[in-house]
1. Glu67 - would you say it is surrounded by 10 or more Cβ atoms within 10 Å (Cβ to Cβ) and at pLDDT 95 or above?
2. Tally time: how many residues in segment 96-135 are assigned to a loop (DSSP other than H, G, I, E, B) and either surrounded by 10 or more Cβ atoms within 10 Å (Cβ to Cβ) or aliphatic (A, V, I, L, M) (or both)?
Amino acid sequence: MVADEVRKLAEKTGQATNQIALMIQSIQADTLDANRAMTVVMQEAGTGMDNVRRVGDSLATIRQRFEEVAQRVAGIAEAAQIQDRSVRAAREDIAGIDALNQQTLANTARGVAMVAALSEQARALDSEVNTFKLA
């Protein structure tokens, strides 16, 4: 009976050893899979970091270009203000010239009226003088 018990115990030990061997193989396979997955993750993380660096560089370039555009826009705005002042000054000059033209036109019209009146007076005087001429 003791031999029977030893045999059963040996069988159970063999079965347990086989189960432990299977568990070890499963753990080794899982460890290998985990190692492979970690390698892939590390490669992807490296690629992700490279992408992040490139995005950062691109954002820096965009920011620099935006600042350049902002400076150009500020220059254009300043030039537009200068041009606006010039246009206002020219408009004022044109208004002054127009006022002078209107004044000249009015003075010319008065001069023409005076010449016409003087011409009429000269005819009247000529007619008066002709009455005093000795024949």
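The values are calculated or read from the model by the stated rules, or taken from the named source; none is laboratory data. These figures come from a predicted structure and were not determined experimentally. Reconstructed Cβ throughout: ideal geometry from the backbone, glycine too, with neighbour counts over all protein chains shown.
1. So Glu67 fits the description; yes.
2. 2
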